Structure formats: structure tokens, C-alpha cells
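The values are calculated or read from the model by the stated rules, or taken from the named source; none is laboratory data. Note that this is a predicted model, so its numbers are computed, not measured. Cβ sites come from the backbone with ideal geometry, for glycine too, and all protein chains shown count toward neighbours. Quick note on the areas: whole protein, heavy atoms, side chains included, nothing else; ligands and nucleic acids left out. Shrake-Rupley method; radii C 1.70, N 1.55, O 1.52, S 1.80 Å.
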Amino acid sequence: MTVRIGVTGATGRMGREVIAAVTERDDCKVVFAVNREPDGETVDGVEIEPADEFDSLVVDREPTAVVDFTGPESAVDYVEACADAGVAFVTGTTGFDDDQREALEAAGDDVAVLHAPNFARGVQALVNVVGEAVQNLQGYDVELVETHHNAKRDAPSGTANRLLEEIEANGEFSERTHGREGEAPREEGEIGVHALRAGDITGEHEIVLAGNHEEVRLTHRAEDRGVFAAGAVDAAVWIAGQKAGRYDFADVISE
Ligand SMILES: NC(=O)C1=CN([C@@H]2O[C@H](COP(=O)(O)OP(=O)(O)OC[C@H]3O[C@@H](n4cnc5c(N)ncnc54)[C@H](OP(=O)(O)O)[C@@H]3O)[C@@H](O)[C@H]2O)C=CC1
Ligand SMILES: O=C(O)C1=N[C@H](C(=O)O)C[C@H](O)C1
């Protein structure tokens, strides 16, 4: 079966990569790609259509799944249209607030919805091991540093938030401290969180655990956005066979 994929944010950094990743495979194809203000542009031979036609495209072109890398507001609009149309939704968008997260969850009652803040397999491995490292090093200071390109809108990154959840679930911590300035000695139990924005850096996450005259650093560095796109397209192909519900990238990898 050829999986039929709709792409949103099609001329963005990630949308372009998703189209390229689909085009390289023979088990799926792009059936539409939208962006807010298309000007007749094509991406890898795919015509970019206006985002305000999404609601009709998602019905008429009969996609199996939509892959979304846009922004939180538009991702919610798109998932709600997919829920109405009975189309599965895969999103890598980050920066959702609580209400937006709830809307994503709610759509999972009607269709399969997969949200992953990071589609790199190495990040999933990092999520899997960081809790164990924290458990083994109770009482060590923990700091998280994430580094991204200068156009990234949200901070800390979605991946950093996911890693922080895992760290907090596995140790005794008091609070997250976002950056430091002036007279600001480290408090016991805090987790320092630092967001660097510079140039066109694809995405780096490092967790530093230090104490007992030693330090452990767990680092993931994405060298190319294609790694995220490949994971997202794997997820779109995987979700084709799934019933309504909420999924994450770990579900895709575990099969
Ligand atoms: N999960 C993962 O593995 C990854 C997640 N991300 C996340 O993906 C998202 C997009 O990142 P990136 O591609 O770098 O961002 P870009 O800004 O390059 O692209 C976003 C695209 O979405 C479009 N867009 C934004 N708002 C809307 C809207 N309301 N309706 C329709 N289109 C819209 C933008 O159009 P316009 O140009 O008109 O604004 C743009 O083309 C971010 O949240 C980022 O954190 C990024 C990389 C990996
Ligand atoms: O905006 C990006 O570029 C990225 N965003 C994701 C995040 O917020 O974690 C994933 C990746 O690090 C790239």
C-alpha cells in the first residue's frame, strides 16, 4: 500500500525536508503540500498550495496522514480538521501551551495523533538513558544546555522539555532555573536550563551531571535536518495502520 501524505508548513525548514524524504521513498507519496502564502513555488517538483484550502484538500485528496511542522496555533487548526476528516496526524511542532496540548490530545479520540518533539532516533535513545543516569548519580548537579539556529521561536526546545520531564521523574529536584545573572549561586536541587541561539545550528542537547569530583555529559547533536524528516516520515507510514489514539515516536521505534 502506498501511504498518501499531506504536508503542512511545506516551504519551511522542516516542510522542505519532509517533502524530500517522502520523494526518496517508494512506500509513500505527497498528495498535497500547503503553506500560508505560496507564490507558485514547487518543492522537489511538488506544487505548494494555499494553507486556507487545507480543509478541502484533506478530504478531496484522501491522505492517509498529514505531517505537520508549523507552529502551535496552526498545528491545532490542522489536527482538528484532520479529526473531522478522519485522517491521521503526525506533528513535530513544539512550543504548545497547555490548552493547545489538550486540543491535540482530544483529537486522539477521533483519529491517530502522533506528537514527538524530536524525530531523531538518537534523541529517543537519549530520553531512554537519561533517567537511568540520574538515578545512578543521585545528588549530582544537573544542567541542560540546548543549542539551535537563530530563527527558533520557542525556548527551551520541545526536546529539552521532554528530557527535563525524564530527569525530574528520576531524581529529587526543587526547580528549573532558566539561565543565571548577577549574584546567583546554584541552589541545591535546582536544574539549570540554558538555551543558546546562533547561526544555522540544527539542534544540540547536552545534559551535564556533576558531583563527587567527576562529570558525565550526555550529548546528542543532529548534523542535518534530514534526520528529523526521515523519522517523521517513518512515523507517517507507521501510523497508517493505527487506530484512533495518542502516540509518540517511541511507539514507532519499538516495532
Ligand atoms: N520534532 C522534530 O524533530 C522537529 C521539530 N521542529 C519544530 O517544527 C516547527 C517548525 O520548524 P521549522 O521548520 O524550523 O520552522 P520554519 O519557520 O522554517 O517553518 C514553519 C513553516 O510553517 C509555516 N506556518 C507557520 N504558521 C503557519 C500557519 N498558521 N498556517 C500555515 N503555515 C504556517 C511557516 O510559514 P510562513 O513562512 O508563512 O511563516 C513556515 O513555512 C517548530 O515548532 C520546530 O520547533 C523542528 C525540527 C525538528
Ligand atoms: O526548531 C528546531 O529546529 C528544532 N526543534 C525541536 C525542538 O524544539 O526540540 C527539535 C530539534 O532540536 C530542532
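A few points about this structure:
- Estimated translational D of segment 117-180 in µm²/s (Stokes, Kirkwood radius over Cα pairs; 10 °C; 1.306 mPa s): 124
- Dimensions in Å of segment 175-222 - Rg and Dmax from alpha carbons: 13.0, 36
- Stretchable slack from Ala244 to Leu196, in nm (0.36 nm times residue separation minus alpha-carbon distance): 13.5 nm
- Fraction in percent of alpha-carbon pairs per bin - 10 Å, segment 153-200: 22, 48, 26, 3
- Accessible surface of segment 87-243, 1.4 Å probe, proportion on carbon and sulfur as whole %: 42
- Whole-percent pair-distance distribution, where bins are 10 Å wide, for the alpha carbons of segment 51-204: 10, 32, 31, 19, 7, 2, 0
- Here, segment 86-158 has an Rg and a Dmax of 15.6, 48 Å when only alpha carbons are counted.
- Relative contact order %, segment 1-105, counting alpha carbon pairs below 8 Å whose residues are six or more apart: 26
- Fully extending the segment from Asp39 to Ala169 would add 42.1 nm, taking 0.36 nm per residue of separation and subtracting the current Cα-Cα distance.
- Entry note: segment 45-117 has Rg to Rh equal to 0.95, where both radii use alpha-carbon atoms and Rh is the Kirkwood radius.
- Local charge for Glu190 was computed over the other residues whose Cβ lies under 14 Å away, with Lys and Arg +1 and Asp and Glu -1, and equals -4.
- Shape summary: segment 120-255 maps onto an equivalent ellipsoid whose semi-axes, from the alpha-carbon gyration tensor, are 29, 19, 13 Å in decreasing order.
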